[in-house]
1. Could you put Leu271, Leu255 in order of accessible surface area, largest first, with the 1.4 Å probe and the full protein assembly present?
2. With axes computed from alpha carbons, what is the tilt in degrees of helix 298-325 against the longest principal axis of the chain, rounded to the nearest 10 within 0 to 90?
3. As an exercise, use a Förster radius of 25 Å and the Cβ-Cβ distance of Lys225 and Ile320 to find the FRET efficiency, rounded to the nearest 0.05.
4. Can you give the accessible area of Asp221 in Å² (nearest 10), computed on protein heavy atoms with a 1.4 Å probe?
5. If I compute solvent accessible area with a 1.4 Å probe over the protein chains, what percent of it on region 3-298 is carbon and sulfur?
6. If each of Trp303 and Phe88 carries a label point 7 Å out from its Cα toward its Cβ, how far apart are those two points in nm?
7. Could you work out [θ]222 nm for the chain from helices alone, using -39500 (n - 2.57) per DSSP H run of at least four and dividing by all its residues? Round to the nearest 500 deg cm²/dmol.
8. For His147, tell me the accessible area in Å² from a 1.4 Å probe, rounded to the nearest 10.
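The values are calculated or read from the model by the stated rules, or taken from the named source; none is laboratory data. All of these numbers come straight from a predicted model, not from anything done at the bench. Note that each Cβ is placed from the backbone with ideal geometry, even for glycine, and that neighbours are counted across all protein chains shown. Side chains included, ligands, DNA and RNA excluded: accessible areas come from the protein's heavy atoms. Shrake-Rupley method; radii C 1.70, N 1.55, O 1.52, S 1.80 Å.
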Amino acid sequence: MTEYQILWFVLIAVLFSGFFFLEGFDFGIGMSLKTLAKGETEEDALIRSIGPHWDGNEVWLITAGGAMFAAMPFWYASLFSGFYLILFAILICLIYRGVSFEFREQMRTVKFRNLWTTISAITSMLVPFLFGLLFTDVVQGMPLDVHGDMSAGFWDYFNVFSVIGGVALSLLSYVHGLNYARLKITSGSLHDRIQKQLKVLYPILLIGEVAFAITLFIYTDFFVKKPVITVVLLAAIVVLTVIAWTVTLKQKNTLAFITLGLVIIVLVALLFTGLFPRVIVGNEAGMSILLKNATSTPYTLKWMTIISLTALPIVLAYQIWSFYVFRDRIHVKKMSY
């Protein structure tokens, strides 16, 4: 296994971390349109809080998929064919979620505006759920043959571990979105309701994390192959969640948002660390797809590294600048920045 292979495995993990951190709070805002907002004014305020950013945040997912295609074509081929229906459902949800904001704005009746608001909320919940389902399946073990082809049935995709993983990621995204909403929306009844929901949701989130850890122990080999790093990362997830809960109660909004965002990053690190040196775990011995066999040629990886390290600072600088430009908070009553 070469340095470039390990580097691109890490880079893809970083890209997925960036996607779930940034798009995670977008999904949370989308879900809150039906679980938190009361009336169109509050719905508009929540949508405006992510309006300048949500489409840019999705670029992290596109980049991660493109990096897999170019750097690890065998992984890409097996994953995208084996999880075709789930990934197709994710794509449909992302499309409908994206157009829902525009269609909602253009509707002339309350009935159809509510319809597109509901579509936005449902798709915002389904995308993290399906991604949680996919990633837990990948680390749990799938029926692969010697060629890397997947022949899976319904219960291979939907099982206790994968459903818990999907629900946990959706809940984590929702709480992350509420923390972001507290940063963007000024004091008022909406702000107060966010605080009340967070007080209830943090204990539930901790219970979900414990359930995820238990099923991770039962359904994966993480504790057998890498017990120390697995326990350390799981402990970090729980500790960071407790810290986020504590600072939330103290109304330290920025620290709460950052701390829970770190939970998402550590969760991705846990999955990729346990997965390494595999890229998809097979449910039979010797059938896993290994990183060393899944990548492009060293020459391709070399030039991809040079190009990526050249362009990455520019992309990061632009995204940081966009958040700085739209940093002002939203006033619900005035509906302006």
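1. Details: Leu271 20, Leu255 80 Å².
Final ranking, largest accessible area leading: Leu255, Leu271.
2. Once rounded, one gets 10 degrees.
3. Working: r = 37 Å, r/R0 = 1.49.
Efficiency at R0 = 25 Å is approximately 0.10.
4. Rounded to the nearest 10, the figure is 40 Å².
5. On the way: 8870 of 12380 Å².
Looking at region 3-298 in its full context, I get 72 percent from C and S.
6. Distance between the two pseudo-spin positions: 3.4 nm.
7. Values: 15 runs with 267 residues, N = 337.
One gets -27000 deg cm²/dmol as the mean residue ellipticity at 222 nm.
8. It works out to around 130 Å².
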